[in-house]
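Below: the structure, in structure tokens.
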Amino acid sequence: MPAPRDMFFESVVRPEHNGWFLVDSLCTRFTYHSREEWMAKVSLGLVTVNGVVAGVESIAHRGDKVVYHVENYSEPEVPTDFDTLYEDDEFMLVAKPAGVPVLHTGHIFYNTFTAIVRRAIHSETATPLHRLDRDTGGIMLFAKDGDTAARFQRHLDRILLKKFYLAVVPGIFPEGVTECELPLREDPTSELRIKMFHSENGKPCHTRFRRLDLVSVEKTEENPSGFVSIVEAELLTGRKHQIRAHLSTLGFPILGDRLYSHEGKYYLKLASGNVLTEEEYKILGAKNQMLYAYRVQILLPYWNEPREFTSLNFPKEMKALIPKELL
């Protein structure tokens, strides 16, 4: 569903901005517009405070409700379909498509996956109990209302017992089980601020990898082995980008992962507002990263025993590489 042409974004003035000029507060919090742009928006009457049109001399007060009206609004198209694997009065287990962010980004507010689910079930407080990266598809557990989320989000490990992903990586991944416990952290000195790096003083992480199959492919400069490996990853801790960072550190970056392969240069190119060419996507191996949260084990409070759920709705490029016997 396309976003409405007129959008209204609400916020509340933070305590530390009490007594500031409203424009200063907007510039500090919402950096997607420059100061000159915010001054122009306010001058055009597109910002209200507590229902009253603001002016450039308006003062912000703690708790004020600020509404910003965006005319001719547009945002990038994302997939808005999803599968429901399980649903009751309190929970939903759904399969998110790759390419849609769970929460709002600098460019997507209306068609976040959370907003899509909320509109589908007519609940303004439906809440994801965990997240997937924008480019990662797969199974997610939602609380259908805010009260359920508040009761269970801090103790998610009691109901979401196990999470398994499938990844496709270039080369021949080791046979058997590979236990990876490399600690990870962000590097504030890196140009890739959101990337997780292996560091001895990073957060403890544990991923269990198991190679499920080898698939013969065309030999390329990026993959001279002529094989890709289908790898199952079980998350035993839940750090940011954990599977992607571990596989990259082990020398097997996920196909299509713009951040953790090729030193992140394709991620930086996109972040600077450019687009990738077909040749660059070919080098990456896919347009969407080949990582999918395909299986979970959950135990809801009113069940006697755990249940497993599986989703095989892989992105098209990924599905083409996975042998049919694994589907």
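The values are calculated or read from the model by the stated rules, or taken from the named source; none is laboratory data. Values in this document were obtained by computation on a predicted structure and should not be read as measured data. Counting neighbours? That spans all protein chains shown, and the Cβs are built from the backbone with ideal geometry, glycine included. Ligands, DNA and RNA are stripped out before the accessible areas are found, and what is left, the full protein with its side chains, is counted by its heavy atoms. Shrake-Rupley method; radii C 1.70, N 1.55, O 1.52, S 1.80 Å.
Brief remarks follow.
- Within the stretch 238-262, restricting attention to residues that are of a type in the set (Val, Ile, Thr) and open to solvent by less than 40 Å² (accessible area, probe 1.4 Å), the residue that is farthest from residue 228 (Cα to Cα) is 243.
- Residue check: residue 248 meets all listed conditions (1) touching a Phe, Trp or Tyr at 6+ places or on another chain (Cβ under 8 Å); (2) outside any helix (DSSP H, G or I) but one, namely (2).
- The stretch 188-198, subset open to solvent by 50 Å² or more (accessible area, probe 1.4 Å) and under 19 Å from residue 268 (Cα atoms), residue nearest to the chain's Cα centre (by Cα): 194
- Restricting attention to the stretch 58-73, the residues being in contact with a strand residue (DSSP E or B) (Cβ under 6 Å, 6 or more places away or on another chain) and of a type in the set (A, V, I, L, M) number 3.
- Near pairs, Cβ below 7 angstrom, 6+ apart or cross-chain, from the stretch 212-225 (within 24 Å of residue 327 (Cβ to Cβ)) to any residue that is outside any strand (DSSP E or B) and open to solvent by 50 Å² or more (accessible area, probe 1.4 Å): 212/326; 213/326; 214/172; 225/172
- Some residue of the stretch 28-41 being of a type in the set (A, V, I, L, M) and touching a residue at least 24 places away in the same chain (Cβ under 8 Å): no
- Which listed residue is closer than 29 Å to residue 297 by Cα and surrounded by fewer than 17 Cβ atoms within 10 Å (Cβ to Cβ), from 265, 219, 203: 203
- The single condition from (1) open to solvent by less than 20 Å² (accessible area, probe 1.4 Å); (2) among the hydrophobic types (A, V, I, L, M, F, W, C); (3) within 18 Å of residue 167 (Cβ to Cβ); (4) over 19 Å from the mean Cα position of the chain (by Cα) that residue 298 fails is (3).
- For the stretch 251-266, the candidate set comprises residues that are assigned to a loop (DSSP other than H, G, I, E, B) and aromatic (Phe, Trp, Tyr); within that set, the residue that is farthest from the chain's Cα centre (by Cα) is 252.
- Of all residues in the stretch 187-211, those satisfying the criterion of being touching a residue at least 40 places away in the same chain (Cβ under 8 Å) and more than 22 Å from residue 286 (Cα to Cα) are 191, 197, 198, 205.
- Lone qualifier among 176, 171, 226 - being open to solvent by 30 Å² or more (accessible area, probe 1.4 Å), at positive phi and touching a strand residue (DSSP E or B) at 6+ places or on another chain (Cβ under 9 Å): 176
- Identity of the residue in the stretch 115-132, crowded, with 20+ Cβ neighbours inside 10 Å and within 13 Å of the chain's Cα centre (by Cα), that ends up nearest to residue 299 (Cα to Cα): 128
- Some residue of the stretch 291-313 being hydrophobic (A, V, I, L, M, F, W, C), touching a residue at least 40 places away in the same chain (Cβ under 8 Å) and out of contact with any Lys or Arg (no Cβ under 9 Å at 6 or more places or on another chain): no
- Exactly one residue out of 157, 135 is of a type in the set (D, E, K, R), within 27 Å of residue 234 (Cβ to Cβ) and either in contact (Cβ under 8 Å) with a residue 12 or more places away in the chain or open to solvent by less than 50 Å² (accessible area, probe 1.4 Å) (or both): that is 135.
Residue by residue, here is whether (1) within 23 Å of the chain's Cα centre (by Cα); (2) open to solvent by 20 Å² or more (accessible area, probe 1.4 Å); (3) at pLDDT 95 or above holds:
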| residue | (1), (2), (3) |
| --- | --- |
| 28 | no, yes, no |
| 45 | no, yes, no |
| 86 | yes, yes, yes |
| 99 | yes, no, no |
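- All strands (runs of 3 or more DSSP E) inside the stretch 29-118 with 1 or more residues being touching an Asp or Glu at 6+ places or on another chain (Cβ under 9 Å): 47-49, 65-70, 91-96
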